[in-house]
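The values are calculated or read from the model by the stated rules, or taken from the named source; none is laboratory data. This is a predicted model, so every value here is computed, not measured. No Cβ is skipped: glycine too gets one built from the backbone with ideal geometry, and neighbour counts run over all protein chains shown. Heads up: the accessible areas ignore ligands, DNA and RNA and are worked out on the full protein's heavy atoms, side chains in. Shrake-Rupley method; radii C 1.70, N 1.55, O 1.52, S 1.80 Å.
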Amino acid sequence: MTDLGFIHRFIPATQPGKPPLLLLHGTGGDENDLVPLAAQLSPGSALLSPRGKVLENGMPRFFRRLAEGVFDLADLKVRTAELADFIAAARKAYGIDAPVAVGFSNGANIAAALLLTRPQLLHGAVLLRAMLPFELEPLPDLAGKPVLLLSGSNDTMISAAGRERLAAVLQAAGAYLVYKVLPTGHNLTQNDLNLAAQWLKEFGLEHLT
Ligand code: MLT
C-alpha cells in the first residue's frame, strides 16, 4: 500500500488482546522484512510495517546518514515527524491502539527518535541494536513506558558509548527499561528473539490505552 504517506503493509490482528506492532526495518530492508520475525515475537498481533523513504545506494532507510553512525540530524528530525504523522494516520485508518515499535538497527534508531520526541504515539518499544540518535534537553516524560533495549557486545556498527548513552537517557526520562548486552554482534540471534518474545508477553499489554 502507498497511502498514508508511506509504502507499507498492514496485517490485521488475528488474536484479541495482543499489542499492535510497528515494524521498522534496518538499512536495505523493506516493509516485508520483519513480518516473519513479528509472527514469532507476538503471534496474532496486528502489524504495521512502513518502508523507509530514504535511499542510500538504493537501500531504503528511515533517515539520511553522513557516515556509519553519523546522522544527518536535520533529516532525522523531518523523517521522525513524517513517521509520527503516518503512525497517527494509520491508527485512525486501521483502528489500532498505540503500537509497540519493534525496530532493528536503523529502524531501532528512528524508533528511539520517536520515543524521545513523540512518546504518546507508542505504547512501548523493542530496540534491537540501537544507539542514542541525538542529545536533547529537556528530556521527554517517558514515565512507565516499557522499553526493551537489546545490544551486542561485539557490534561494530553501534558503539558501546552510543548504546550506553541511549540506556542512560531512557532511564533518566523515566522509561521502564530492560537493557541487555548480549555476547554477539550486529545481527540478531535466537537469544534476541526469545528475550523479545518473552518481554512482549509480559509488558506488551500493560497500560494499553
Ligand atoms: C544507522 O544508520 O541507523 C545505524 O548506523 C545502523 C544502520 O546502519 O542501519
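Within region 56-80, residues that are closer than 25 Å to residue 120 by Cβ have Cβ atoms under 7 Å from residues that are within 8 Å of the ligand (Cβ to nearest atom) and aliphatic (A, V, I, L, M) in these pairs: 62/110; 63/110; 79/110; 80/110, counting only partners at least 6 apart in sequence or on another chain.
For region 136-161: of the residues being open to solvent by 40 Å² or more (accessible area, probe 1.4 Å) and within 16 Å of the ligand (Cβ to nearest atom), which is nearest to residue 107 (Cα to Cα)? Result: 157. Restricting attention to region 110-125, the residues being open to solvent by less than 10 Å² (accessible area, probe 1.4 Å) and either more than 16 Å from the ligand (Cβ to nearest atom) or within 17 Å of residue 79 (Cα to Cα) (or both) number 9.
Hey, among 148, 128, which residue is in contact with a Lys or Arg (Cβ under 9 Å, 6 or more places away or on another chain) and closer than 16 Å to residue 103 by Cα?
On the way: 128 fails: in contact with a Lys or Arg (Cβ under 9 Å, 6 or more places away or on another chain).
Just one listed residue meets the conditions, 148.
The requirement of being within 16 Å of the ligand (Cβ to nearest atom) and of a type in the set (Val, Ile, Thr) is not satisfied by residue 87.
Residues in region 32-45 that are open to solvent by less than 40 Å² (accessible area, probe 1.4 Å) and either at pLDDT below 95 or more than 13 Å from the chain's Cα centre (by Cα) (or both) were compared, and the one that is farthest from the ligand (Cβ to nearest atom) is 44.
Only one of the listed residues (48, 4) is more than 14 Å from the ligand (Cβ to nearest atom), open to solvent by 50 Å² or more (accessible area, probe 1.4 Å), touching a Phe, Trp or Tyr at 6+ places or on another chain (Cβ under 7 Å) and farther than 14 Å from residue 105 by Cα. That residue is 4.
Matching residues to (1) surrounded by fewer than 18 Cβ atoms within 10 Å (Cβ to Cβ); (2) touching a residue at least 12 places away in the same chain (Cβ under 8 Å); (3) on the phi > 0 side of the Ramachandran plot:
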residue: 174; (1), (2), (3): yes, yes, yes
residue: 178; (1), (2), (3): yes, yes, no
residue: 186; (1), (2), (3): yes, yes, no
residue: 193; (1), (2), (3): yes, yes, no
residue: 198; (1), (2), (3): yes, no, no
residue: 202; (1), (2), (3): yes, no, no
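Being among the basic types (Lys, Arg) and in contact with a helix residue (DSSP H, G or I) (Cβ under 8 Å, 6 or more places away or on another chain), is that true of even one residue in region 34-57? Within region 34-57, one or more residues are among the basic types (Lys, Arg) and in contact with a helix residue (DSSP H, G or I) (Cβ under 8 Å, 6 or more places away or on another chain).
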